[in-house]
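Working notes, beginning with the structure itself.
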Amino acid sequence: MKLSWIFLLFGVVTAILLSAAYIRFELYINSVWLISIFVISIVGKNLENIKHITFILLFMVLVEYLAILYLLKYNPNELPPYLNNALIFGTHFILDLITMILLKYRMRLSLKYIRKTNPENWQSVYMTHADPILYGIFFAFIIVDLAAFGENLIRNMDLFFGVSEEASKPFWSWGWVYKSYEYLKSILLACVITTLLATIFVERQRPDTPDEESESES
């Protein structure tokens, strides 16, 4: 069996195992994984780009945690469930959209940062395999968020739009995305971690840059 197929099989198995773990410990295990990968990217070689990507993801996880914590526990208005769900799904959508935009321009942001902090090392910034893959994963996050938000509107159209009870009643049982929302997000989060781990493996196999080679020879 070729190495590429073995690596693909490893990625699939890892994603499945991570998905199962995420369903039970979603936020906590995600934070632990991201922090671990961030530490690895700091001490590892050829991982400058992973460090920047992971920092963006960690920052957005913190923002998401604070936003959802406020909506669930510290919201003084005590909104009804249908409005609270709309706010939660809407918040997830906005934060996932921001994350996708940051990932889209990640290399440009990394170059600006590295030119200010360590301009001699600007060649260490480039597009990794993780950049387009994570962009696609967060596009999937956005689709799930919009589906959940739209389903919440449809299920409660009588409360949101004043539609008659007779017309809205057939949609009260709709809950396909709502009931599977955590599972879908868990699978996507597992794909994020799997992508980062796979990219670390690939980046560690990259040959040294000419500058590094000359330094090692001298």
Cross-link reach from Lys169 to lysines, straight Cα distance under 21 Å and at least 8 residues apart if same chain, gives Lys179
Compute the FRET efficiency between Val202 and Ser180 as 1/(1 + (r/R0)^6), taking r as their Cβ-Cβ distance and R0 = 35 Å, and round to the nearest 0.05. 0.65
Pop the C-beta distance of Val43 and Tyr126 into the FRET formula with R0 = 22 Å and round what comes out to the nearest 0.05. 0.65
In whole Å, how far is the Cα centre of the range 46-111 from that of the range 140-174? 24 Å
Using a 1.4 Å probe and ignoring any ligands, DNA or RNA, find the accessible area of Tyr70 and quote it in Å² to the nearest 10. 110 Å²
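Taking 0.36 nm per intervening residue step and subtracting the Cα-Cα distance, what contour gain separates Arg108 from Phe59 on full extension?
On the way: separation 49, 0.36 × 49 = 17.64 nm, distance 1.78 nm.
My answer for the length gained is 15.9 nm.
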Along the Cα→Cβ direction, 7 angstrom out, place labels at Lys116 and Leu69. What is the inter-label distance in nm? 2.7 nm
Could you name the lysines in cross-link range of Lys104, using Cα to Cα under 25 Å and dropping any fewer than eight places away on the same chain? Lys45, Lys51, Lys112, Lys116, Lys185
Calculated FRET efficiency for the pair Tyr135/Glu166, C-beta based, R₀ 41 Å, to 0.05: 0.40
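The values are calculated or read from the model by the stated rules, or taken from the named source; none is laboratory data. The shown structure was predicted, so the numbers you read here are calculated from the model rather than taken from an experiment. Reconstructed Cβ throughout: ideal geometry from the backbone, glycine too, with neighbour counts over all protein chains shown. When the accessible area is computed, the model is the full protein with side chains, heavy atoms only, and any ligands, DNA or RNA have been set aside. Shrake-Rupley method; radii C 1.70, N 1.55, O 1.52, S 1.80 Å.
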